[in-house]
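Asks: Below you'll find the structure I mean.
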Amino acid sequence: MTSPQRQWDFRFGEVAEGVDVLKDDAEQAPELRQQRDGSFAAVLPPKALLLLPTEGLPGNRQGRHINDFTISIDFRMAQNTSEAFTVLNTRPIGLTGVEDGELGEYTVNAQGEFLGPGPAPKPFEDGGPRVTAQKWLRATITMARTGIKTFLEGVKRHSVTTVKAPALSKRDGELSLEPGTLVLFGDCPVELLVRNVELKGACMDEEAVRSEAVAAKVFSPYLKQLMEEKQRETVASRQLVLADLYVAPTPVYTHSGFLAHFGDADLGGTALGVGSVQASLEILDVALRELCTEGGSEAELLQGFRWKDKESQVVSVIAKLIHEAAQLAKSVGRARESADALISFTDKFATRIGDMQPGECLVCPCGINDHALMICLEKQRVSASQGGDVNFNLIIINPDLAAGLDYHPARKPSSEAMAEANPKLKYQMALVVENLEASKVKDPWFWTLLFKLDCAPYKGMKLVSPADLYDMLLPWLTGEPFCSTFLKNLNFLQDIGAGDTAAAAAAAAATSGFADCLDWRSPTRSATGYHKAVVETIHFLARRLGLTVMQTKQLKLALRECLLELARKDLQVIPNATSSEKHVLRVAAQQCARAAGKLAEIASPLAEVRGSGASTDRLRSTLLRLESMLAVVREKPLSDEAAVEMPCLATRLEEGDAGLHRSQSSLGFADYLLDKSDRRGQEGELTKADRLVPIEAT
């Protein structure tokens with residue numbers, strides 16, 4: 001619909017400047033009367049004119065006057081009358097070419113028919129609307145070069161065309177609106193009520209007039225407030241963290257990637273456990289780039305660990321790789337829509353692989369039947385064989401048992417004590433396939449088959465399985481059975497004695513350094529495997545690029561804190577938050593506090609040494625950030641104001657460094673989730689914290 005160029009709306013009890021009622025040569029501001037629906041209307045005494053200012057309105061049709069326009073008037077008569085009266089007075093005199101009389105004004109005749117300029121037509125027999133008392137009506141007038149039309153309640157009642165009135169096509173003619181004053185009514189013998197007048201600098205078509213007439217029937221006195229709130233929300237949404245990613249951005253704490261990062265097992269089986277690799281890549285891409293932005297508050301999160309420039313540069317490299325992966329995820333999603341699109345994409349993707357430089361890495365998402373996988377492709381720095389093309393390493397990152405994680409090496413706890421404390425199996429989520437021939441890796445048909453594993457099956461197509469990847473595609477790449485690849489990965493992870501340094505050096509050389517970057521990891525156990533795949537990719541890249549296990553944990557803690565910092569920024573923009581959103585943020589704060597406390601729990605006694613954990617000052621800054629974010633949450637005008645307890649972190653700060661390492665085993669995995677006891681040696685009751693309440697239960 002065309003926006004009003006000028007609107008005089010009395011429904012909200014306000015009178016615009018310059019609006020007057022002319023009665024007996026005296027001008028005064030109109031009286032307002034409240035209606036039964038709570039709205040207001042301007043009161044026009046009998047024989048009174050309503051004067052509306054139009055100064056400053058631009059002309060159109062290359063003229064000084066408003067030659068093309070639409071005027072809509074919502075009015076009601078106090079009682080019926082048998083006299084004709086004027087609705088709009090533009091002084092239309094002097095026009096020629098109209099038979100049987102001179103053009104008059106826009107009027108309502110004695111029969112209640114709404115007429116335009118020109119001779120009165122024969123009485124209407126179509127049963128259309130007429131002007132009657134005690135009923136709100138919308139009268140609309142449209143004018144363009146082709147003619148004039150009048151409408152009542154969106155139904156056309158009268159029209160004058162250029163054929164009958166050639167002066168209509170004349171620019172700045174008698175029927176145009178000259179900037180100054182719009183004159184309505186004037187000779188109505190009964191009292192009138194007017195609640196809204198709109199002037200548009202364009203001629204609306206009949207369909208648009210009908211639509212607006214229908215919309216005008218449904219009115220609430222709170223409509224303006226709702227529209228203003230919507231406008232404020234629109235302005236606020238453009239200030240959100242994700243505004244550059246989405247046309248209609250939402251706060252970062254409602255994003256599926258944020259929920260998966262902190263909710264994890266709580267989201268399984270709920271409507272919130274629906275996301276995608278692309279969405280997770282996008283939000284972690286934003287967080288990583290914020291961590292690498294110099295001068296920002298997020299960049300300070302890594303500086304608190306006292307990293308050197310070398311470690312900080314690793315994070316910048318990871319951020320670039322994840323950013324490119326996010327762009328590839330969009331392309332892969334579009335490519336899966338049709339076979340032709342998929343083939344076209346894989347041709348371009350193979351060209352991108354061919355352009356890779358020695359030592360360069362490329363990350364790309366794929367999957368099996370909607371279960372997410374990530375592929376890391378490395379171009380080796382030197383050729384594996386003299387005179388040959390530089391070969392590639394391909395790493396499959398799979399966190400999901402449903403997508404074939406059981407093809408990866410796994411291990412149980414190495415001792416009975418560890419099995420009792422932590423009985424779960426751990427897996428090598430990054431499966432390495434080394435020394436692949438460049439010709440095979442750059443074959444677009446291999447990538448077509450790989451990406452096809454995650455396409456929706458068409459009619460008659462059998463559902464694919466992990467065997468299609470591990471037992472068919474990988475053996476084609478390597479030229480040997482999958483069991484050989486499996487055994488090589490076992491060799492990467494074999495335990496070498498600490499004193500056998502020569503053997504360790506030989507093993508590292510033989511495995512291209514992969515022995516130093518493959519860790520035993522816990523698989524996903526919820527519906528958020530799509531996010532776990534991205535997080536595990538970041539973990540692998542950090543280890544592959546030289547970060548230690550402790551530094552990788554620090555990076556992931558900084559990622560959590562960065563996401564919460566971004567959530568705090570969005571909270572300051574959004575005027576309110578739902579109870580569920582507040583609960584999500586409290587859960588996220590508890591998760592971050594748990595991660596910070598756990599990092600201190602596994603740190604060495606020399607916590608101030610770089611790379612050995614998180615110092616007391618660093619933990620204190622984490623607590624302050626969380627409290628700052630939760631303070632913003634509590635200020636939002638909604639319920640659920642219960643405070644969040646963070647005993648794992650706060651108690652350590654109270655005890656100081658001596659308490660940080662007093663008991664390395666006192667806080668196990670379950671304690672972080674359930675324990676609200678005093679950590680200063682006093683026994684406390686174990687109670688369920690809000691952390692274990694499913695998000696949808698609120």
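Asks: Using a 1.4 Å probe on the protein heavy atoms only, what accessible surface does LYS330 show? Give it in Å² to the nearest 10.
Replies: That residue has around 60 Å² of solvent-accessible surface.
Asks: Would you rank TYR407, TYR253 by solvent-accessible area, highest first, keeping every protein chain in place and using a 1.4 Å probe?
Replies: Most to least solvent-accessible, the answer reads TYR407, TYR253.
Asks: Considering only protein heavy atoms, with the full assembly of protein chains and a 1.4 angstrom probe, order HIS261, HIS408 by accessible area, largest first.
Replies: So, going from the largest accessible area down, we get HIS261, HIS408.
Asks: In terms of modelled amide H atoms, which long-range or inter-chain residues lie less than 5 Å from the amide H of HIS158?
Replies: THR150
Asks: Something else: Let me cross-check MET472: its accessible surface, 1.4 Å probe, with only protein heavy atoms counted, in Å² to the nearest 10?
Replies: Rounded to the nearest 10, that gives 120 Å².
Asks: Considering amide H positions built from the backbone, and no H for Pro or chain starts, which residues 5 or more places from ASN391, or on another chain, come under 5 Å of its amide H?
Replies: Sorted by chain and number, the residues that satisfy this are GLN380, ALA384.
Asks: Something else about it: Just the accessible area for CYS292, please: 1.4 Å probe, Å², rounded to the nearest 10?
Replies: We get 40 Å² for CYS292.
Asks: Taking just the alpha-carbon atoms of segment 1-48, what radius of gyration and Dmax come out, in angstrom?
Replies: 12.5, 39
Asks: Using alpha carbons only, how many angstrom separate the centre of segment 12-82 from the centre of segment 560-574?
Replies: 48
The values are calculated or read from the model by the stated rules, or taken from the named source; none is laboratory data. These numbers were taken from a predicted model, which means no experiment stands behind them. Only protein heavy atoms, including side chains, enter the accessible area calculation; ligands, DNA and RNA are left aside. Shrake-Rupley method; radii C 1.70, N 1.55, O 1.52, S 1.80 Å.
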